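Read-outs throughout are calculated quantities, based only on the coordinates presented, and are distinct from any laboratory measurement. Keep in mind that this is a model prediction, so the values were computed, not measured. A quick note on method: Cβ atoms are made from the backbone with ideal geometry, for glycine too, and the neighbour counts reach across all protein chains shown.
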Protein chains: 2
Amino acid sequence: MRILVTGAAGMIGRKLSARLAADAAIAGQPIETVHLIDVVAPTPPAGARFATLCEAIDVAAPSTVAKAIAARPDVVFHLAAVVSGEAESDFDKGYAVNLDATRALFEAIRHERERSGGAYRPRLIYASSIAVFGAPFPETIDDDFLAAPLTSYGAQKAIVELLIADYSRRGFFEGAALRLPTVVVRPGPANRAASGFFSSIIREPLCGREAILPTPETTRLWCASPRAAVGFFLHAAALDLERLGPRRSLTMPGFSTTVGEQIEALRRVGGDAVVRLIRRQPDESVRRIVFGWPGRCEARRAQALGFVAESSFDEIVRIYLEDDHVPAVA
Amino acid sequence: MRILVTGAAGMIGRKLSARLAADAAIAGQPIETVHLIDVVAPTPPAGARFATLCEAIDVAAPSTVAKAIAARPDVVFHLAAVVSGEAESDFDKGYAVNLDATRALFEAIRHERERSGGAYRPRLIYASSIAVFGAPFPETIDDDFLAAPLTSYGAQKAIVELLIADYSRRGFFEGAALRLPTVVVRPGPANRAASGFFSSIIREPLCGREAILPTPETTRLWCASPRAAVGFFLHAAALDLERLGPRRSLTMPGFSTTVGEQIEALRRVGGDAVVRLIRRQPDESVRRIVFGWPGRCEARRAQALGFVAESSFDEIVRIYLEDDHVPAVA
């Protein structure tokens, strides 16, 4: 089995690569090669028993992506994206990467399929987002609720979802768009996602550093851990995607919590001194973006298909401490 | 007021042009010029008191569309499209016209706005379709139901809706996407829309010609007349579109009927002899497309905003006889 991962140097991409190295197989089929691409060269995962090719490839350069597809990977994990904050501040770049480059990837697959006489038909697992939803919301967003994004990032994700459904219906690939909850706790330095503070208010204080909280404690989020997110991708790659029918977008499971509940979970682990490192600094632009995101979803279809996530923020903090926490040097 | 109409040689485009000529104003503002474009040169409407420029312009040629936008029309009616049947049989052409050319038009507006220092911000009224919906459906499709199209045409319409919402939110134009019901009774020769038979089974027998019915009489459709459809566009052009908020797509009013009810309305007008001209000839590909379309919608938002349509098929047949019927030469 040959795997291609775009956006492989990102947080989810690195963790996914590490899991591929550890598992060495998808759905019982041994992995032969993994091709990791990103704008900066990804690092090969430790301990892989398969050949790993790491390349610095800008997905916005269509010819290089077509070259990666010419190797006919069986599974494509398409994670490469300009994140929400940047797609909002740079309209052209957001559409160029999140829409045009993605469509060029899909077209490369379609044309490779033509060249193969119809034999080539990979799985395409896409990192979508609950940012496809936009307020006003019902109390719980179910699987039939409309995609009405309030950011360009969300619009781009929703557009790609429609392309995935159409390309899958046409038989060009077997696609699935996984609408990721807000993924917390993200390790490492902050990226330009508007949702970054949901992670930094846990991660930074646990390392003895101050963190900025730009929105009220009542801010509600639908969240899952990075470990669960990687699990979603691997589960989708092993699933019979025909079971999805024509609706190829799935809201991933997670759970609904508030910033206030996050802070209380942090207090249970780190105590008052750690919590005091969170500094309130309201930011209207972040608040506006985040309040347009759903705080509570139903993920019935995904759960029925076997996707699983955490059910408490204490569990998420524990996973962060196990997987990613780097204690501050005293 | 300057008006641009794309797809102006099409059925709705011609009727819209005629109404513009008759009304000579939109929302009380006199029309100065109307620019009509299509792949074949549109015919200027009779009796217009304003300057009419008719041009054969392929919207898939971005530079020519940019030229039309350089004249800074105040209202753009974007009707040009490859219809459902053709977008299904020609994947590349469907995406080239229905998505790429439309996006090029939107980009031309955005760049013209930049050149104007932000002063230029036209209204953009788009012909979307209830083909953005796909089965399975609840009994009635409400304004919060997801767009899950089952044709490439529907996917392209749904994608453009997302672009319209994003461009409007960004302030690049004031957009509205009108999800047209199945428009019946269409005059003139059949086009390649899968829905064409809903019109021909009325139009052709009334002229003494045979018509093919490819689906069962139980086939349900959500429909409105061409006159109502033109009314939707003119109402949207005169409306304060800020009232739509961020959700720029509106399911247009119509009413739910069946092919069997259509035939009974035809019988009341033309008698049994006319009805006998309908020949059953089941076509699985048409049936599959049409059964994926919604038969019953709620159009609460649109109705609250003042959009109106017919409420019986007898009314629609009467409108056809008034507006379009050309009696057969005996």
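Things to note:
- Residue B:40 paired with residue B:269, simple spin-label distance in nm, labels 7 Å along Cα-to-beta-carbon: 2.5
- Using alpha-carbon coordinates, inclination of helix B:197-206 to the longest axis of chain B, degrees: 60
- Within the protein assembly as shown: Cβ-based charge dipole about Cα centre, in debye rounded to nearest 20 (Lys, Arg +1; Asp, Glu -1): 300
- Taking label positions 7 Å along the Cα-Cβ direction at both residue A:261 and residue A:96, the computed distance is 4.1 nm, reported to one decimal.
- Candidates B:35, B:111, B:78, ranked by Gaussian network fluctuation over chain B, Cα under 10 Å, top entry: B:111
- Shape summary: the stretch A:214-330 maps onto an equivalent ellipsoid whose semi-axes, from the alpha-carbon gyration tensor, are 30, 19, 11 Å in decreasing order.
- Over all pairs of different C-alpha atoms in the protein assembly as shown, the reciprocal of the mean inverse distance, the Kirkwood hydrodynamic radius, equals 26.6 Å.
- For chain B, the fraction of alpha-carbon pairs lying more than 30 Å apart is 32 percent, rounded to a whole number.
- Percentage relative contact order, chain B, counting C-alpha pairs under 8 Å, at least six apart: 17
- Dipole magnitude for the stretch A:101-148: about 480 debye, using +1 per Lys or Arg Cβ and -1 per Asp or Glu Cβ, origin at the Cα centre.
- Sites residue A:191 and residue B:291 - FRET efficiency at Förster radius 56 Å, r taken between beta-carbons, to 0.05: 0.80
- Distance from the stretch A:6-22 to the stretch A:179-215 (C-alpha centre basis), Å: 19
- What separates the residue A:327 label point from its copies, with the point 7 Å along Cα to Cβ, is 9.8 nm, written shortest first.
- Of the Cα atoms belonging to the stretch A:17-118, the radius of gyration and Dmax stand at 15.0, 43 Å.
- The stretch A:101-203: relative contact order as a whole-number percent, Cα under 8 Å and 6+ apart: 30
- Tail weight of P(r) past 17 Å, computed on alpha-carbon pairs of the stretch B:155-237, percent: 60
- Look at where the Cα atoms of the stretch A:244-275 and of the stretch B:113-133 average out, and the two centres are 38 Å apart.
- Chain A - charge dipole about Cα centre, Lys and Arg +1 at Cβ, Asp and Glu -1, debye rounded to 20: 360
- Estimated purely from DSSP H runs of n ≥ 4, each contributing -39500 (n - 2.57), the mean residue ellipticity at 222 nm for chain B is -11500 deg cm²/dmol once divided by its residues.
- What the Cβ-Cβ distance of residue B:280 and residue A:71 gives, at R0 = 41 Å and to the nearest 0.05, is a FRET efficiency of 0.20.
- With the charge dipole of the protein assembly as shown set up from +1 on Lys and Arg Cβ and -1 on Asp and Glu Cβ about the Cα centre, the Cα lying farthest toward the positive end among the listed residues A:29, A:320, B:221 is that of A:29.
- At 1.002 mPa s and 20 °C, Stokes D of the stretch B:71-115 from Kirkwood alpha-carbon radius, µm² per second: 183
- For residue A:15, the aspartates and glutamates whose Cα falls under 15 Å of its own Cα, not counting residues fewer than eight places away in the same chain, are A:23, A:38, A:322, A:323, A:324.
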